[in-house]
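The values are calculated or read from the model by the stated rules, or taken from the named source; none is laboratory data. Everything quoted here is computed from the prediction, not taken from an experiment. All Cβ positions, glycine included, derive from the backbone under ideal geometry; neighbour counts span all protein chains shown. Each accessible area value is taken on the protein alone, full model and side chains, heavy atoms only, with ligands, DNA and RNA left out. Shrake-Rupley method; radii C 1.70, N 1.55, O 1.52, S 1.80 Å.
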Amino acid sequence: MAKIPVITGFGGINTAGRSSFHHGYRRLILDALNQQQADQTYRSLASLMKLELNGTEQQKQFIRDHTLIRRIEDERFKVDGIRINKRIPVSVSGDDSASFITKARNLPQQIPENWKVSPIEDKMVKVDITGETEFMYPTKRSIAVQAAGQLPTGFDPGSLYPARSHPRGLEMAVYGASDAVRSMGIDWDVVCQHVSPDQVSVYAGSAMGQLDQHGHGGMLGARYNDKRTTSKHCPFGLAEMPADFINAYVLGSMGNTGTYVGACASFLYNLRAAVSDIQNGNARVVVVGSSEAPVESDVMEGYAVMGALATDQALLELDTKQGLNSPDHRRAARPFSSNCGFTIAESSQYIVLMDDALAMDLGATVHGAVTDVFVNADGHKKSISSPGVGNYITMAKAVASARGLLGDESIRQRSFVQAHGTSTPQNRVSESHILNETAKMFGIENWPVAAIKAYVGHSLGASPGDQIMATLGVWSDGIIPGISTIDHVAEDVYQSNLQIGSSHIDVGARNIDSAILNAKGFGGNNASATVIAPHIVATMLANKHGAEAMTAYKIRNEAALEQAAAYDESALSGDALPIYKFDHNVLGDEDLSFSSRKISVPGYEFDIDLDLTSPYAELL
């Protein structure tokens, strides 16, 4: 019987806060929460932001103002003081010369022919220049794009563990993966007692790699800024390094690993590998996710010159009728409305998938299931960044998959879609047409559309992770977040069969059976995922395993729920730290026990099976 890839843990961090236990999701719908839920949301954010919660309206306003999309804060970089090097050609006229004094060690290795160097006292030299030369002068300027989705003000993932020159994306990966694993309420060592070492997979990465000063940004910029390239710059910048860090310092995993990079669809590419591993029996548990930290001035400049980001000037032009003197950075992202570009963001999101039998044995809480992820390219293209036909295929397949499991009535009445919703003029037209045509094709008359980039921005490869966290929240609290930053739907948006608006949609926790997650990436990287609600998965488990097994599972689940709640309380109190096991239980060949039939690994009760049967044996 088919294995069900069930979600047993989820967590991470983005501009809305900590993802586990739906805290980040509840920041999106803060205005729709009851008092107890709202207070808990403020408490969660206060603990991240290093604030002593006092419950005053002034502090609540501070928390609201310093989460979600906002003007880039000095913690990241000074938007009006971006450091650049200005090239200055100079010419000394006639037979005159220009002179300057400096330390001898500051001279270049190759002295220009028109420089005359004369030593003076205290290791100083005088340089006389004739003719033409040039200098690079360090100066500053403003950046055209000044809004971004930043982590909550005051939250520094690197301060929570011994981060040794780790790029920000890797610090976030350690935090996000730890949060997801601990949210299960089951110790990882216990999980390892139920699987063999090669039945664990980790698929995680970043579409952009690590481009800050501790990663490839530092490596590529070192010689241009008179700095030293370190031995960590090159390896730490690699796109798959989040998975490597999780294996080495969080889980100690020895199973399948790596990352699939597909631009803004990268999270779903990795999720597809995870689902495939579980369905095919190649893994019993998979940690899957993405960590992206692109709120760097150099990265943003690259997207800005493409015309992809919402500049301050373009935002002001959108709001000319309101007579604003400064751009409304809080409303920088306006999916499916009059808009001018996306808003870049940082995020680290991870989920734990298990096969249903393992989840039952461990008593793991089931938050939903991912039954399919579809990936299709666009075919021939003119512009590498323009939309194409591939997303029509992925969306149709994802909805067809849900229909095949749940039936027509379910997808027509009890499904919704998490749109890619980037807030670019091109996306609002192309994606709305794809969603609208898909709804028509399957007889969906009023398909609810969520576009959470309005709140958290576009975290590139991690953005589908933001979507899945919000989807799990819908199944907890029953509210599909509205697109709160818009006051109208643009005239060129296709919406005859879609429900697009600024208001939250109260659907009830058990009235949505499935969600379709959609992602469109540069280059034609399209992916759509079919995610099934926990109340549907509960029925599937009962039908597959029987009433007696479900009763025993629920008893085991009580302990997991209790331990998970204890972790959440610890995090709310600011006491929970990421898992970081540096130089811990490092194994060598002398620790393994080999035979021709198996490999035994310390710490795992089950061996790696070498008694393999080739699927091609019958051909010989």
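Condition first: aromatic (Phe, Trp, Tyr), in contact with a helix residue (DSSP H, G or I) (Cβ under 6 Å, 6 or more places away or on another chain) and part of a helix (DSSP H, G or I). Can you find one or more residues in the stretch 238-251 that meet it? Yes; the residues of the stretch 238-251 include at least one that is aromatic (Phe, Trp, Tyr), in contact with a helix residue (DSSP H, G or I) (Cβ under 6 Å, 6 or more places away or on another chain) and part of a helix (DSSP H, G or I).
If the condition is being touching a Ser or Thr at 6+ places or on another chain (Cβ under 9 Å) and among the aliphatic types (A, V, I, L, M), then the stretch 239-264 contributes Ala239, Met241, Ala243, Ile246, Val250, Val261.
Of the set (1) closer than 28 Å to Gly176 by Cα; (2) hydrophobic (A, V, I, L, M, F, W, C); (3) in contact (Cβ under 8 Å) with a residue 12 or more places away in the chain, all apply to Ile608 but (1).
Determine whether the stretch 225-245 contains at least one residue that is touching a Leu at 6+ places or on another chain (Cβ under 6 Å) and open to solvent by less than 10 Å² (accessible area, probe 1.4 Å). The answer is yes, given that some residue of the stretch 225-245 is touching a Leu at 6+ places or on another chain (Cβ under 6 Å) and open to solvent by less than 10 Å² (accessible area, probe 1.4 Å). Selection of the stretch 299-357 for residues being within 30 Å of Thr371 (Cβ to Cβ) and among the acidic types (Asp, Glu) yields Glu346, Asp355, Asp356. Going through (1) aliphatic (A, V, I, L, M); (2) over 23 Å from Leu268 (Cβ atoms); (3) out of contact with any Asp or Glu (no Cβ under 7 Å at 6 or more places or on another chain) one by one, Ala509 falls short only on (3). Can you name every residue in the stretch 501-520 that is in contact (Cβ under 8 Å) with a residue 40 or more places away in the chain and either surrounded by fewer than 24 Cβ atoms within 10 Å (Cβ to Cβ) or charged (D, E, K, R) (or both)? Answer for the stretch 501-520, where residues must be in contact (Cβ under 8 Å) with a residue 40 or more places away in the chain and either surrounded by fewer than 24 Cβ atoms within 10 Å (Cβ to Cβ) or charged (D, E, K, R) (or both): His504, Ile505, Asp506, Val507, Asn511, Ile512, Asp513, Lys520.
When the stretch 593-620 is filtered for residues that are surrounded by 10 or more Cβ atoms within 10 Å (Cβ to Cβ) and of a type in the set (A, V, I, L, M, F, W, C), the ones remaining, listed by number, are Phe594, Ile599, Val601, Phe606, Ile608, Leu610. Suppose we keep only residues that are open to solvent by less than 10 Å² (accessible area, probe 1.4 Å) and touching a residue at least 24 places away in the same chain (Cβ under 8 Å) within the stretch 210-224. Which one would you say is farthest from Ser291 (Cα to Cα)? Within the stretch 210-224, the match that is farthest from Ser291 (Cα to Cα) is Gly215. The set of residues in the stretch 521-537 being assigned to a strand (DSSP E or B) and open to solvent by 30 Å² or more (accessible area, probe 1.4 Å) consists of Asn525 alone.
In the stretch 560-589, the residues that are under 17 Å from Gly176 (Cβ atoms) and touching a residue at least 24 places away in the same chain (Cβ under 8 Å) form Cβ pairs under 8 Å with partners that are acidic (Asp, Glu) and open to solvent by less than 90 Å² (accessible area, probe 1.4 Å), at six or more places apart or across chains, as follows: Ala571/Asp179; Pro578/Asp179.
Per the conditions (1) open to solvent by less than 80 Å² (accessible area, probe 1.4 Å); (2) farther than 22 Å from Asp355 by Cβ, the sole criterion not satisfied by Asn585 is (1).
Scanning the stretch 391-444 for residues that are in contact with a Lys or Arg (Cβ under 7 Å, 6 or more places away or on another chain) and closer than 13 Å to Leu517 by Cα returns Asn391, His420, Gly421, Glu431.
Note on the stretch 404-439: residues that are open to solvent by less than 50 Å² (accessible area, probe 1.4 Å), touching a residue at least 12 places away in the same chain (Cβ under 8 Å) and outside any helix (DSSP H, G or I) amount to 10.
The residues listed here are Glu590, Glu558, Glu569, Glu548; of these, the one that is loosely packed, with under 13 Cβ neighbours inside 10 Å and within 18 Å of Thr8 (Cα to Cα) is Glu558.
Where helices (runs of 4 or more DSSP H) fall wholly inside the stretch 287-387, the ranges with 1 or more residues that are open to solvent by less than 10 Å² (accessible area, probe 1.4 Å) and over 19 Å from Val275 (Cβ atoms) are 297-305, 312-318.
Here is the figure for the stretch 388-403: residues that are assigned to a loop (DSSP other than H, G, I, E, B) and open to solvent by less than 30 Å² (accessible area, probe 1.4 Å) total 1. Scanning the stretch 461-518 for residues that are touching a strand residue (DSSP E or B) at 6+ places or on another chain (Cβ under 7 Å), of a type outside the set (Asp, Glu) and part of a helix (DSSP H, G or I) yields Gly461, Ala462, Ser463, Pro464, Gly465, Gln467, Ile468, Met469, Ala470, Thr471, Leu472, Val474.
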